[in-house]
Structures are given as C-alpha cells and as structure tokens.
Amino acid sequence: MRERKRIKEEPPAESVALDSSALLTLWNDEEGADRVAELLGSGKKTYISFMTLMECRYRIWKNVDRHESEKFSGYLDWLPLEVVGVTEAIFDLAVEIKATYNLSVCDGWIIATAMSTRSLLVHKDPEFEQVADRLQLEPLPYKPKTHPGL
C-alpha cells in the first residue's frame, strides 16, 4: 500500500488579533459575535492594533455619535485585550503590506500587528483573503453585499 502524502498544516496560533470588523461585530451583536466572545474567553492572548481602536471609534462616532464612541472605549476596558502600538517591525510590515496589496492603510497596520504577534487574525473583511498565504485568518460571516440603487 502506498502512503498518502499528508498536507502540512500550521499549528493553531497561540494568540488572536481582532480586526475592527470583529470588534464591531461583538459590539453590535451581529452574526459571528458569539465566536468573538468565545475567543475572548478562551484564555488566549488577544491583541488589537492601535489602528483597530481608532477605526472603531471613528466609525461609531460617524455613524452614531461621539457619546457612543466614548462608551465603546469604556466597553473595551472590560475586555481582555492588549492594544499594540507602533514598533519598527510593525511599521516596516505595514509599509510592505500597503505597498504590495490592494488594502487600506488601516488594514495594513492591523495585518502587520497580527503578523508581528504571530496571531490568528479574526475579521469580517473579504479583502483580507489577499494575505491568506502570509498569516492565519479566521473570517467571520461576511455581510451580504448591497447593490446601490436596489
């Protein structure tokens, strides 16, 4: 009998990085919120980029109001999260990501943070699939695309 080749699988990441979309999924109790809550309760170290924090705050302020944005910050204080700031390594990775992929500056910082911390990146953004060969991704259920004018 011939032996079958086994596909090399990466070991599961020991930490998690949450994209803005994952945090907002939890905040808004959208589909996938239960998975984010499960990860936060798993005991794994959970990171967010400083850019994740900024992106969530400005989106809530823009779509709701300033008070709700500030309330969100207080909510984050109760979650087991570590905010990761700018380091030289993250800066260099963010520059590389932005230069070589069709992603926003925010996404570049968030991906670079996940790469630098060797974390599973949890997200709800189909554009992140561009970097699937660079780090471990866990997509949450994507929102259905809306068609303008329909």
| field | Hits in segment 50-67 - residues which are among the acidic types (Asp, Glu) and in contact (Cβ under 8 Å) with a residue 12 or more places away in the chain | value | Glu55
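Residue by residue, here is whether (1) in contact with a Pro (Cβ under 7 Å, 6 or more places away or on another chain); (2) of a type in the set (A, V, I, L, M, F, W, C); (3) under 19 Å from Met54 (Cα atoms) holds:
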| site | (1), (2), (3) |
| --- | --- |
| Phe72 | no, yes, yes |
| Leu76 | no, yes, yes |
| Val95 | no, yes, yes |
| Lys98 | no, no, yes |
| Ile111 | no, yes, yes |
| Val131 | no, yes, no |
| Glu138 | no, no, no |
| Pro141 | no, no, no |
| query | Does segment 61-75 contain at least one residue that is not hydrophobic (A, V, I, L, M, F, W, C) and not in a helix (DSSP H, G or I)? | reply | yes
| Some residue of segment 38-49 being assigned to a helix (DSSP H, G or I), under 25 Å from Lys143 (Cβ atoms), touching a Phe, Trp or Tyr at 6+ places or on another chain (Cβ under 9 Å) and touching a residue at least 24 places away in the same chain (Cβ under 8 Å) | no
| remark: Of (1) part of a helix (DSSP H, G or I); (2) out of contact with any Gly (no Cβ under 6 Å at 6 or more places or on another chain), Lys98 satisfies every one except (2)
| message | Quick check on segment 81-90. Is at least one of its residues of a type outside the set (S, T, N, Q), part of a helix (DSSP H, G or I) and under 17 Å from the mean Cα position of the chain (by Cα)? | response | yes
| message | For a quick check of your reading of the model, give me the residue pairs whose first member lies in segment 68-86 and is free of Cβ contacts under 8 Å to residues at least 60 places away in the same chain and surrounded by 14 or more Cβ atoms within 10 Å (Cβ to Cβ), whose second is among the aromatic types (Phe, Trp, Tyr) and assigned to a helix (DSSP H, G or I), with beta-carbon atoms closer than 6 Å and at least 6 apart or on different chains. | response | Ser69/Trp61
| Filtered residues of segment 77-90 (kept if of a type outside the set (Asp, Glu) and in contact with a Phe, Trp or Tyr (Cβ under 9 Å, 6 or more places away or on another chain)) | Leu81, Val83, Val84, Gly85, Val86, Ile90
| said: For segment 67-121, give me each residue that is more than 15 Å from Leu137 (Cα to Cα) and of a type in the set (Asp, Glu). | reply: Glu68, Glu70, Asp77, Glu82, Glu88, Asp92, Glu96
| request: For Ala22, indicate whether it is of a type in the set (Gly, Ala, Ser), touching a His at 6+ places or on another chain (Cβ under 9 Å) and at pLDDT 95 or above. | output: yes
| request: Output the residue which, of all residues in segment 93-147 that are in contact (Cβ under 8 Å) with a residue 60 or more places away in the chain and aromatic (Phe, Trp, Tyr), is surrounded by the fewest Cβ atoms within 10 Å (Cβ to Cβ). | output: Phe128
| query | Considering only residues of segment 9-37 that are among the small types (Gly, Ala, Ser) and not in a loop (DSSP other than H, G, I, E, B), which is farthest from Ser69 (Cα to Cα)? | reply | Ser15
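The values are calculated or read from the model by the stated rules, or taken from the named source; none is laboratory data. These numbers were taken from a predicted model, which means no experiment stands behind them. Cβ coordinates were reconstructed from backbone atoms using ideal geometry, including for glycine residues, and neighbour counts include every protein chain displayed.
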